[in-house]
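A.B. asks: If you scroll down you'll find the structure; I have some questions about it.
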Amino acid sequence: MNETAYGYPPGGLPPQTEIHTGRAVFSEAYAVIPSKVMRDNVTSRLPAWEGTRLWVLARPLSGFAETFSQYAVEVEDGGGSDRPESNSGAQGVLFITDGALDLALGEETRRLERGGYAYIPPGFDWRVRNNYGRPCRFQWIRKIYERAEGLEAPEPFVASDAEVAPVAMPGADVWKTTRFVDPEDMRHDMHVNIVTLDPGGVIPFEETHVMEHGLYILEGKAVYRLNRDWVEVESGDFLWLRAFCPQACYAGGPGRFRYLLYKDVNRHARFDYSFASQPGEAAE
């Protein structure tokens with residue numbers, strides 16, 4: 001079992017004696033949702049799920065980030081769902097941050113423990129149940145799958161943080177990526193990876209690119225450059241970035257800094273033809 005400790009929402013409510021000042025930010029280019037604001041009064045529940053609550057960290061939002069949704073989910077002992085996904089076009093990734101969960105993929109059931117990772121393609125029959133006597137907490141990332149001519153949807157698979165070796169970025173042993181999907185596999189239109197920066201490691205330039213991001217901080221702390229600002233982030237925080245938001249990072253330590261990273265990849269940019277006046281020009 002992977003004994004790595006990952007961050008997750010604390011729940012509860014702060015005492016009336018605590019000051020409200022914190023690190024939460026929502027700007028035109030990014031949002032920072034600190035772990036400490038993920039409290040009981042902002043949870044939600046889902047149809048067809050029992051004994052489950054969640055924090056909605058990201059949802060498609062016009063003019064901001066539009067391709068994905070992301071939840072921090074907490075399932076009580078005995079809780080789960082036989083109909084977890086209500087949208088047949090949505091694919092998903094589950095990443096277990098605490099506890100364990102039984103995941104049924106068709107006729108096969110797999111136990112996902114802390115650090116466990118599962119990819120579920122659109123329209124696939126899957127079920128989840130917590131049979132392990134304590135709450136299970138996980139990240140759930142959802143995206144409508146964009147089909148491409150000549151390509152079938154990917155098959156489901158299960159992996160884990162402990163089993164997949166991180167790969168160092170060129171010339172930077174302190175900056176590594178754990179890739180659960182082959183970047184050359186064009187069937188996948190999203191990647192959900194883990195990025196690791198050792199103490200003193202940096203992303204040494206302001207990345208500015210078309211991919212939207214959800215970054216859930218799994219371990220450690222760092223300072224992150226977002227658009228025009230440097231912000232401090234720590235385990236359990238969530239960063240939500242729209243396309244082209246400049247970003248860089250410095251991991252000052254004392255331990256390593258790690259985050260689960262979503263990005264949309266491998267497809268043409270979509271067009272909205274709702275304004276078109278020529279016959280036959282319909283919206284995609």
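A.B. asks: Of all the residues that make up region 217-239, how many are farther than 22 Å from Phe138 by Cβ, open to solvent by less than 10 Å² (accessible area, probe 1.4 Å) and either out of contact with any strand residue (DSSP E or B) (no Cβ under 9 Å at 6 or more places or on another chain) or not hydrophobic (A, V, I, L, M, F, W, C) (or both)?
C.D. replies: Matching residues across region 217-239 total 1.
A.B. asks: Cβ-Cβ below 6 Å, separation at least six or inter-chain, first residue in region 53-65 and closer than 18 Å to Leu239 by Cβ, second open to solvent by 60 Å² or more (accessible area, probe 1.4 Å) and not hydroxyl-bearing (Ser, Thr, Tyr): which pairs?
C.D. replies: Hits for this filter: Pro60/Glu66; Phe64/Arg242; Ala65/Arg242.
A.B. asks: Going by the conditions given, is Val56 open to solvent by less than 50 Å² (accessible area, probe 1.4 Å), under 30 Å from Ala269 (Cα atoms) and of a type outside the set (Phe, Trp, Tyr)?
C.D. replies: no
A.B. asks: Suppose the filter is at pLDDT 95 or above and open to solvent by less than 50 Å² (accessible area, probe 1.4 Å); does Tyr262 pass it?
C.D. replies: When the stated conditions are applied, Tyr262 passes them.
A.B. asks: Can I ask one more? Evaluate the following for Glu184: is it open to solvent by 70 Å² or more (accessible area, probe 1.4 Å) and either in contact with a Lys or Arg (Cβ under 8 Å, 6 or more places away or on another chain) or closer than 26 Å to Gly92 by Cα (or both)?
C.D. replies: Judged against the criteria, Glu184 is a match.
A.B. asks: For region 190-216: of the residues being open to solvent by 20 Å² or more (accessible area, probe 1.4 Å) and not in a strand (DSSP E or B), which is nearest to Ala58 (Cα to Cα)?
C.D. replies: Met211
A.B. asks: Another one. Checking Pro122 against (1) surrounded by 16 or more Cβ atoms within 10 Å (Cβ to Cβ); (2) not in a loop (DSSP other than H, G, I, E, B), which test does it fail?
C.D. replies: Going through (1) surrounded by 16 or more Cβ atoms within 10 Å (Cβ to Cβ); (2) not in a loop (DSSP other than H, G, I, E, B) one by one, Pro122 breaks only (2).
Here is a yes/no grid of residues against (1) closer than 21 Å to Gly133 by Cα; (2) out of contact with any Phe, Trp or Tyr (no Cβ under 9 Å at 6 or more places or on another chain):
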site: Thr21; (1), (2): no, yes
site: Ala29; (1), (2): no, no
site: Ile33; (1), (2): no, no
site: Pro47; (1), (2): no, yes
site: Gly51; (1), (2): yes, yes
site: Ser69; (1), (2): no, no
site: Glu74; (1), (2): yes, no
site: Asp82; (1), (2): yes, yes
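A.B. asks: Hey, another quick one. Suppose the filter is surrounded by 18 or more Cβ atoms within 10 Å (Cβ to Cβ) and under 17 Å from Tyr216 (Cα atoms); does Ser81 pass it?
C.D. replies: The answer is no for Ser81.
A.B. asks: In this structure, is Arg267 touching a Leu at 6+ places or on another chain (Cβ under 8 Å), over 20 Å from Tyr30 (Cα atoms), touching a residue at least 24 places away in the same chain (Cβ under 8 Å) and surrounded by fewer than 20 Cβ atoms within 10 Å (Cβ to Cβ)? Steps first, answer last, please.
C.D. replies: On the way: touching a Leu at 6+ places or on another chain (Cβ under 8 Å): no; over 20 Å from Tyr30 (Cα atoms): yes; touching a residue at least 24 places away in the same chain (Cβ under 8 Å): yes; surrounded by fewer than 20 Cβ atoms within 10 Å (Cβ to Cβ): yes.
No, not satisfied.
A.B. asks: Separate question: Run down Trp175, Trp140 and say which single residue is farther than 23 Å from Tyr71 by Cβ, of a type in the set (Phe, Trp, Tyr) and either in contact (Cβ under 8 Å) with a residue 60 or more places away in the chain or in a strand (DSSP E or B) (or both).
C.D. replies: Just a single option satisfies the conditions, and that option is Trp175.
A.B. asks: In region 219-250, which residues are more than 24 Å from Ile96 (Cα to Cα) and outside any strand (DSSP E or B)?
C.D. replies: Step one: list which residues in region 219-250 are more than 24 Å from Ile96 (Cα to Cα), which gives 223-232, 242-250.
Hits for region 219-250 are Asn227, Arg228, Arg242, Ala243, Phe244, Cys245, Pro246.
A.B. asks: Can you give me the number of residues within region 61-76 that are farther than 20 Å from Tyr259 by Cβ and small (Gly, Ala, Ser)? Reasoning before the result, please.
C.D. replies: Going residue by residue through region 61-76, those that are farther than 20 Å from Tyr259 by Cβ are 61-63, 66, 75-76.
From what's left, small (Gly, Ala, Ser): 62-63.
Result for region 61-76: 2.
A.B. asks: Okay, next question. Specify the residue that is most open to solvent (accessible area, probe 1.4 Å); the eligible residues are those in region 1-53 that are under 16 Å from Phe138 (Cα atoms), assigned to a loop (DSSP other than H, G, I, E, B) and of a type in the set (Ser, Thr, Tyr).
C.D. replies: Restricting to residues being under 16 Å from Phe138 (Cα atoms), assigned to a loop (DSSP other than H, G, I, E, B) and of a type in the set (Ser, Thr, Tyr), the top hit is Tyr8.
The values are calculated or read from the model by the stated rules, or taken from the named source; none is laboratory data. None of these values were measured; they are calculated from a predicted model. No Cβ is skipped: glycine too gets one built from the backbone with ideal geometry, and neighbour counts run over all protein chains shown. To get the accessible areas, we keep the full protein, side chains included, count just its heavy atoms, and leave off ligands, DNA and RNA. Shrake-Rupley method; radii C 1.70, N 1.55, O 1.52, S 1.80 Å.
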